[in-house]
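Undergrad: If you scroll down you'll find the structure; I have some questions about it.
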Amino acid sequence: MSLEPDMLRPLERGDGRRTAVEVYESLQESILSGRLRPGTVLSQVEVARLLNVSRTPVREAMRMLQEGGLVTGEPNFRSRVLGFDPKDIEALYMKRIMMEALAVTFTTRTMTAALKERLGEVVHALEGRDAHDSFAVWQKLHREFHRLIVAQAGDAYAADLDALEKRSERYQSAYKGEHLPGWWQRGEREHRALFDAISAGDAMLAGELSARHLARTALELLAALAPEYDTARVRMSLQFAIAGATAGKF
């Protein structure tokens with residue numbers, strides 16, 4: 001699949017003098033939103049032309065995207081947006097289930113009043129009309145929700161989880177609610193229950209609910225993408241995370 005002009009949005013005030021981070025963030029947003037579809041070939045020359053930047057920041061941005069698992073490198077200064085691989089879904093959610101359950105218990109035990117207030121605002125906004133009417137609004141709020149519930153696990157640990165969350169977003173963008181009936185409602189109930197457990201200071205329950213929320217999402221995505229794929233490893237990760245949480249070992 002070739003790159004089309006409407007797949008990329010020119011950078012504002014594009015004068016060629018842009019940093020690799022700016023180009024990376026623009027391309028990342030286009031991939032996560034679904035505008036750059038899986039299989040799309042990204043020529044550095046063409047990307048630079050459409051964004052109105054030089055090739056130097058594009059080259060570095062492509063390297064960053066490749067490290068983040070969003071594109072794969074190809075010959076002749078080209079990259080390709082990675083397709084929907086069930087093994088990738090499995091691997092990233094296995095990591096998230098284990099890592100986020102642990103991080104949520106840390107956050108629950110050290111929750112500040114300001115953090116709890118902001119988390120409550122985000123949960124309420126996720127249940128609101130704006131989030132229901134716009135997937136982009138929902139996705140932004142959802143990303144903040146997951147950032148907040150792991151915020152007390154340490155900056156480096158939280159940054160690793162944020163990278164995994166962003167990789168998950170391209171699968172969320174592809175399937176959204178029309179492919180997974182009841183998707184919105186299940187997510188809202190789980191977010192609210194997790195917030196209630198964190199607010200009550202119940203770290204073990206919060207860790208378990210976090211693991212169940214992520215496992216349910218992974219299993220639904222895999223069922224939609226690859227119905228015959230063996231999900232045993234995802235289920236095993238969930239069982240392991242719950243065992244640790246309920247035993248108080250987190």
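The values are calculated or read from the model by the stated rules, or taken from the named source; none is laboratory data. These numbers come from a predicted model, not from an experiment. So basically every Cβ, Gly included, is an ideal-geometry build from the backbone, and we count neighbours across all protein chains shown. Keep in mind that these areas ignore ligands, DNA and RNA; they rest on the heavy atoms of the full protein, side chains included. Shrake-Rupley method; radii C 1.70, N 1.55, O 1.52, S 1.80 Å.
Undergrad: With a cut-off of 8 Å between alpha carbons and a minimum separation of six or more residues, what is the relative contact order of region 70-143 in percent?
TA: Details: 26 pairs, mean separation 9.5, N = 74.
For region 70-143, the relative contact order is 13 percent.
Undergrad: Gain in length, Ala232 to Ser33, computed as 0.36 nm per residue apart minus the alpha-carbon separation, to one decimal in nm?
TA: Extra length from Ala232 to Ser33 when fully extended: 68.7 nm.
Undergrad: With a 1.4 Å probe and every protein chain kept in, tell me what percent of the accessible surface of the chain is carbon plus sulfur. Please list the in-between numbers first.
TA: Details: 6480 of 12130 Å².
Reported share for carbon and sulfur atoms: 53 percent.
Undergrad: Shape of region 190-250 from its Cα gyration tensor (a ≥ b ≥ c, root eigenvalues): rounded if a/c is under 1.5, otherwise prolate when a/b > b/c, or oblate? Please report the intermediate quantities before stating the final value.
TA: On the way: a/c = 6.01, a/b = 1.73, b/c = 3.46.
Oblate is the answer for region 190-250, as a/c is 1.5 or above yet b/c matches or exceeds a/b.
Undergrad: Still on this structure, I have one more. Within the chain, how many Lys pairs that are eight or more residues apart, or on different chains, come under 17 Å at the alpha-carbon?
TA: Step by step, the pairs that qualify in the chain add up to 6.
Undergrad: Suppose every K and R has +1 on its Cβ and every D and E has -1 on its Cβ; what is the size of the dipole of the chain about the Cα centre, in Debye to the nearest 20?
TA: Computed charge dipole of the chain: roughly 320 debye.
Undergrad: Something else: How high is the relative contact order of region 21-126, in percent, counting Cα pairs under 8 Å that sit 6 or more residues apart?
TA: 25 percent
Undergrad: Counting only heavy atoms of protein chains, what accessible area per residue, in Å², does region 1-149 have with a probe of 1.4 Å?
TA: It amounts to 50 Å² per residue over region 1-149.
Undergrad: Could you sort the peptides 133-139, 236-242, 110-116 by per-residue average Cβ neighbour count (10 Å cutoff), highest mean leading?
TA: 236-242, 133-139, 110-116
Undergrad: Please report the relative contact order for the chain, taking Cα pairs under 8 Å with a sequence separation of at least 6, and give it as a percent rounded to a whole number. List each step's numbers first, then the result.
TA: Working: 325 pairs, mean separation 55.8, N = 250.
Relative contact order, the chain: 22 percent.
Undergrad: Treating the angle as unsigned and between 0 and 90°, give the value, to the nearest 10°, between the Cα long axis of helix 183-199 and the longest Cα principal axis of the chain.
TA: It is inclined by approximately 50 degrees.
Undergrad: Apply the a/c threshold of 1.5 to the C-alpha gyration tensor of the chain and tell me whether it is rounded, prolate or oblate.
TA: Prolate, because a/c is 1.5 or more and a/b exceeds b/c.
Undergrad: How large is the charge dipole for region 15-142, taken about the Cα centre, if only the Cβ atoms of Lys, Arg (+1) and Asp, Glu (-1) carry charge, to the nearest 20 debye?
TA: The dipole magnitude comes to about 300 debye.
Undergrad: For the chain, what does -39500 (n - 2.57) per DSSP helix run (n ≥ 4), summed and divided by total residues, give at 222 nm, in deg cm²/dmol to the nearest 500?
TA: -22500 deg cm²/dmol
Undergrad: With axes computed from alpha carbons, what is the tilt in degrees of helix 86-109 against the longest principal axis of the chain, rounded to the nearest 10 within 0 to 90?
TA: 50 degrees
Undergrad: Taking H as built 1.01 Å from N, whose amide H comes closer than 5 Å to the amide H of Val71, not counting residues under 5 places away?
TA: The list, which skips near neighbours in sequence, is Gln66, Leu82.
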